[in-house]
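Colleague: Quick one: the structure is below, questions incoming.
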Amino acid sequence: MGRALAALPFFTAYDPPGTSEGSLDPLGLYAIADELAVRLVPGVRERMQRVRFLTAITVGALVLEDLAPNPRQPRLPPYLVWEWLVVEALVRALGGEEELWGVPGSYVVGRAVEDRGYVDERSYLKTPRIFGFHGVYKRLGVHLGLVDWQLRLRSPRGDELIRAWAHGQGIGSFGADHGLYKKWRKAVETSLRETPARTRTPPGWKQADWQELAEAFAPHLAGRQEKSCLRRLLLGDGAEAPGALVPIWRLLAKTDGEYPDERAFHRELYREAPEYGRLLEAIGAYEGFARNLTDAFDILRAEGSRQDVRGLETSQLASDADFRMLAQRCSQLYREAARRLETFEPKLAGEFAQRFGSFAEPVPPERFGATLCEHHEAVQKAKSREGKRPWFEPAGPGRIYIRLNYRLERREPTPSLYVHQYRTEPVARFYRDLA
């Protein structure tokens, strides 16, 4: 049920910044939500989907130990070539959508292999340090004590995971003298020597070699001992406290990794782990405000999308019953969020006031649409030195014209659903992979 809800277009209205122009957090709500999520489950990020990439990173750290970049391409780190090879192996050997689900970069790698027969910087992800599997999972690997920030292997936990992985592979002790170690390191070295670098494996590599590499790190093929080791690390044997991950895990165990929606799940979590009560109250109040603002902005976009070139007169939104209700509730929800954030962490309350202070006092419905537009314009302007364009163009005094890429069909407000996600889904995915 959790996976199905997460796929619904209204479950998370806006993704974290960085995926596409259409999901760049138009109201500036994401930053505080992410801070609250970090407090709840440190180390875990929403993009994390398949926990076994921690193993691929850890084994890679050993394979690449003391391997320097090619001096002709000093900005290309060896770990990125290892990543290319692993993802290419998964694409070549697995290929099915279900088996490749959650593999970062698998689509672009599949296209590159089909078109060129290899992967390189040009054909891989534009921002691999963020969206490749090292970029996605590195923070958690550091948090659990598997690698450091330079992706060097850390003892004893990194060694422990490698031993558990090697046991599941049936390959004995894995180290510099092992045949697989030598094969994979040579493949990285060979690829690094290419100009420009690309996945060019040593002569003699066949489909069986790609299959071997793929099965070593396929997200769904972790052995029992490896799963057990990853569970221990996640649930408290890591370098840092796992936050609320343990009680979240216990609740997921009661439903085999499924949950209805995050607000309802947090009500259960409050009872399971009352020590997180203030944080969960802050999240609930902030999401109440965020949902109210998001639904109002969506109505503005939807009604503007129905207008001709003359655009939408924002004051006319006061005649819309849903919009009027959202406008009337906004200051009350603001005050509740500010109070709960102050109780939990005054610094976050200060950031909230700085970002959303224009909604602190009641705004007449006739004026609320214009206030939303002014807030959105300020958010867009602050996104870079040059600023980002608003999602609408001025069409005269008090009028806006919604740009084509940001038009929206009208839908009912969804006050019971969070706008943002708070790590329940990635933890649930980890649970399902390690069950």
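The values are calculated or read from the model by the stated rules, or taken from the named source; none is laboratory data. All figures in this text were calculated on a predicted structure; none of them were measured in a lab. Note that each Cβ is placed from the backbone with ideal geometry, even for glycine, and that neighbours are counted across all protein chains shown.
Colleague: Report, ordered by the first and then the second residue, all pairs with beta carbons closer than 7 Å, sequence separation of six or more or different chains, a first member in segment 73-87 that is without any contact (Cβ under 8 Å) to a residue 12 or more places away in the chain, and a second member that is of a type in the set (A, V, I, L, M) and not in a loop (DSSP other than H, G, I, E, B).
Modeller: Listed by first residue and then by second, the contacts come to nothing, as the list is empty.
So that you can scan it fast, the table gives a plain yes or no per residue for (1) crowded, with 23+ Cβ neighbours inside 10 Å; (2) more than 30 Å from Ser319 (Cβ to Cβ); (3) not basic (Lys, Arg):
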| position | (1), (2), (3) |
| --- | --- |
| Arg271 | no, yes, no |
| Tyr276 | no, yes, yes |
| Glu281 | no, yes, yes |
| Tyr286 | yes, no, yes |
| Glu303 | no, no, yes |
| Arg306 | no, no, no |
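Colleague: Going by what's in this entry, would Ala112 be described as buried (at least 18 other Cβ atoms within 10 Å of the Cβ), out of contact with any Leu (no Cβ under 6 Å at 6 or more places or on another chain), without any contact (Cβ under 8 Å) to a residue 40 or more places away in the chain and not basic (Lys, Arg)?
Modeller: Answer is yes for this residue.
Colleague: Output the residue which, of all residues in segment 76-109 that are part of a loop (DSSP other than H, G, I, E, B) and of a type in the set (Gly, Ala, Ser), is surrounded by the fewest Cβ atoms within 10 Å (Cβ to Cβ). Give the steps one after another, and end with the answer.
Modeller: As a first pass, look at segment 76-109 and keep what is part of a loop (DSSP other than H, G, I, E, B): 76-77, 94-96, 101-105.
Pick out the ones that are also of a type in the set (Gly, Ala, Ser) and you get 95-96, 102, 105.
Details: Gly95: 12, Gly96: 7, Gly102: 19, Gly105: 25.
Top of the filtered list is Gly96.
Every residue, every condition in (1) in contact with a Ser or Thr (Cβ under 6 Å, 6 or more places away or on another chain); (2) at pLDDT below 95, yes or no:
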position: Trp82; (1), (2): no, no
position: Ala93; (1), (2): no, yes
position: Glu99; (1), (2): no, yes
position: Gly102; (1), (2): no, yes
position: Tyr118; (1), (2): yes, yes
position: Arg122; (1), (2): no, yes
position: Gly141; (1), (2): no, no
position: Leu146; (1), (2): yes, no
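Colleague: Still on this structure, please answer the following. So, in segment 421-435, how many residues would count as being in a helix (DSSP H, G or I) and within 8 Å of Glu46 (Cα to Cα)?
Modeller: Going through segment 421-435 one residue at a time, the tally reaches 2.
Colleague: Can you tell me how many residues within segment 281-315 are in a helix (DSSP H, G or I) and either of a type outside the set (A, V, I, L, M) or not assigned by TED's automatic domain parsing to the domain that holds Phe368 (or both)?
Modeller: Selection size over segment 281-315: 18.
Colleague: Does Asp256 satisfy the condition of being assigned to a helix (DSSP H, G or I), touching a Lys or Arg at 6+ places or on another chain (Cβ under 9 Å) and surrounded by fewer than 21 Cβ atoms within 10 Å (Cβ to Cβ)?
Modeller: Judged against the criteria, Asp256 is not a match.
Colleague: Here's a follow-up. Quick one: which residue in Ala253, Ala197 is of a type in the set (A, V, I, L, M) and within 26 Å of Leu94 (Cα to Cα)?
Modeller: Details: Ala253 fails: within 26 Å of Leu94 (Cα to Cα).
Of the residues listed, the single one that is of a type in the set (A, V, I, L, M) and within 26 Å of Leu94 (Cα to Cα) is Ala197.
Colleague: Kindly indicate whether any position in segment 27-43 is surrounded by fewer than 17 Cβ atoms within 10 Å (Cβ to Cβ), modelled with pLDDT under 95, under 23 Å from Glu83 (Cβ atoms) and not hydrophobic (A, V, I, L, M, F, W, C).
Modeller: The answer is no, given that none of the residues of segment 27-43 is surrounded by fewer than 17 Cβ atoms within 10 Å (Cβ to Cβ), modelled with pLDDT under 95, under 23 Å from Glu83 (Cβ atoms) and not hydrophobic (A, V, I, L, M, F, W, C).
Colleague: When you look at Ala208, is it crowded, with 21+ Cβ neighbours inside 10 Å and in a helix (DSSP H, G or I), yes or no?
Modeller: Here the answer is no, as Ala208 does not meet what is asked.
Colleague: Shifting gears a bit: Inspect all residues belonging to segment 158-181 and state whether any of them is loosely packed, with under 13 Cβ neighbours inside 10 Å and either under 30 Å from the mean Cα position of the chain (by Cα) or under 17 Å from Tyr79 (Cβ atoms) (or both).
Modeller: Within segment 158-181 (the criterion being loosely packed, with under 13 Cβ neighbours inside 10 Å and either under 30 Å from the mean Cα position of the chain (by Cα) or under 17 Å from Tyr79 (Cβ atoms) (or both)), the answer is no, since none of the residues qualifies.
Colleague: How many residues are over 18 Å from Ala197 (Cβ atoms) and either aliphatic (A, V, I, L, M) or in contact with a Lys or Arg (Cβ under 9 Å, 6 or more places away or on another chain) (or both) when one looks only at segment 111-132?
Modeller: Total meeting the criteria: 2.
Colleague: Next question, about the same structure. Is there a residue in segment 215-229 that is of a type in the set (A, V, I, L, M), assigned to a helix (DSSP H, G or I) and surrounded by fewer than 14 Cβ atoms within 10 Å (Cβ to Cβ)?
Modeller: Quick first cut of segment 215-229, residues of a type in the set (A, V, I, L, M) only: 216, 218, 221-222.
Cutting the leftovers down to assigned to a helix (DSSP H, G or I) gives us 216.
The next check asks that each one be surrounded by fewer than 14 Cβ atoms within 10 Å (Cβ to Cβ); those that pass are none.
No, segment 215-229 has no match at all.
Results for (1) at pLDDT below 95; (2) among the small types (Gly, Ala, Ser); (3) part of a helix (DSSP H, G or I); (4) surrounded by 15 or more Cβ atoms within 10 Å (Cβ to Cβ), shown as yes or no for each residue.
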position: Leu317; (1), (2), (3), (4): no, no, yes, yes
position: Arg324; (1), (2), (3), (4): no, no, yes, yes
position: Ala327; (1), (2), (3), (4): no, yes, yes, yes
position: Ser331; (1), (2), (3), (4): no, yes, yes, yes
position: Tyr334; (1), (2), (3), (4): no, no, yes, yes
position: Arg340; (1), (2), (3), (4): no, no, yes, yes
position: Lys347; (1), (2), (3), (4): no, no, yes, no
position: Phe352; (1), (2), (3), (4): no, no, yes, yes
position: Gly357; (1), (2), (3), (4): no, yes, yes, no
